[in-house]
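*Asks:* Before we start, here is the structure in question, set down as structure tokens.
The values are calculated or read from the model by the stated rules, or taken from the named source; none is laboratory data. Remember, predicted model here, so these are calculated numbers, not experimental data. Cβ atoms come from the backbone with ideal geometry, glycine included; neighbour counts cover every protein chain shown.
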Amino acid sequence: MTESQYFILAALLDGPLHGYGIIKATERSTGGRVKLAVATLYGALERMERSGLVAAGREEIVEGRARHYYRLTEDGTARLQQEALRMRQAADHVIGHRKALGTAPA
């Protein structure tokens with residue numbers, strides 16, 4: 001799973017969002033470190049929808065433009081949890097080595 005995909009799924013944990021909402025939620029949750037380009041977002045959403053990780057939900061028209069809302073599926077939630085666990089285990093491995101060497105994280 002790419003970093004972008006991870007944070008897109010994470011943005012949907014609190015409920016359905018439209019594309020711009022996902023972009024802003026990702027920026028907020030990463031302190032601005034991850035800035036999703038529109039093409040990156042919609043390409044990832046399309047792939048994740050085909051994979052069953054997200055589902056398109058309602059649509060609304062705002063100022064003449066369609067907003068499509070996306071939500072996590074059960075498979076998406078499970079995959080996100082698996083990825084979070086994998087990353088935590090990887091971080092624990094590195095932190096464990098640093099502690100064993102006496103070089104605690106700064």
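*Asks:* Yes or no: region 96-103 includes at least one residue that is assigned to a loop (DSSP other than H, G, I, E, B), loosely packed, with under 14 Cβ neighbours inside 10 Å, modelled with pLDDT of 95 or more and over 11 Å from the mean Cα position of the chain (by Cα).
*Replies:* no
*Asks:* Yes or no: region 68-78 includes at least one residue that is at pLDDT below 95 and small (Gly, Ala, Ser).
*Replies:* no
*Asks:* Only one residue in 83, 49 is out of contact with any strand residue (DSSP E or B) (no Cβ under 9 Å at 6 or more places or on another chain), modelled with pLDDT of 95 or more and not basic (Lys, Arg), so which one is that?
*Replies:* 83
*Asks:* When you look at residue 40, is it at pLDDT 95 or above, among the hydroxyl-bearing types (Ser, Thr, Tyr) and either surrounded by fewer than 12 Cβ atoms within 10 Å (Cβ to Cβ) or closer than 14 Å to residue 6 by Cα (or both), yes or no?
*Replies:* no
*Asks:* Look through region 1-31, keep the residues that are part of a helix (DSSP H, G or I), among the aliphatic types (A, V, I, L, M) and touching a residue at least 40 places away in the same chain (Cβ under 8 Å), and return whichever of them is surrounded by the most Cβ atoms within 10 Å (Cβ to Cβ).
*Replies:* For region 1-31, the residue satisfying everything is 8.
*Asks:* Across region 32-83, what is the total count of residues that are of a type in the set (A, V, I, L, M), in a helix (DSSP H, G or I) and without any contact (Cβ under 8 Å) to a residue 12 or more places away in the chain?
*Replies:* Here the count works out to 2.
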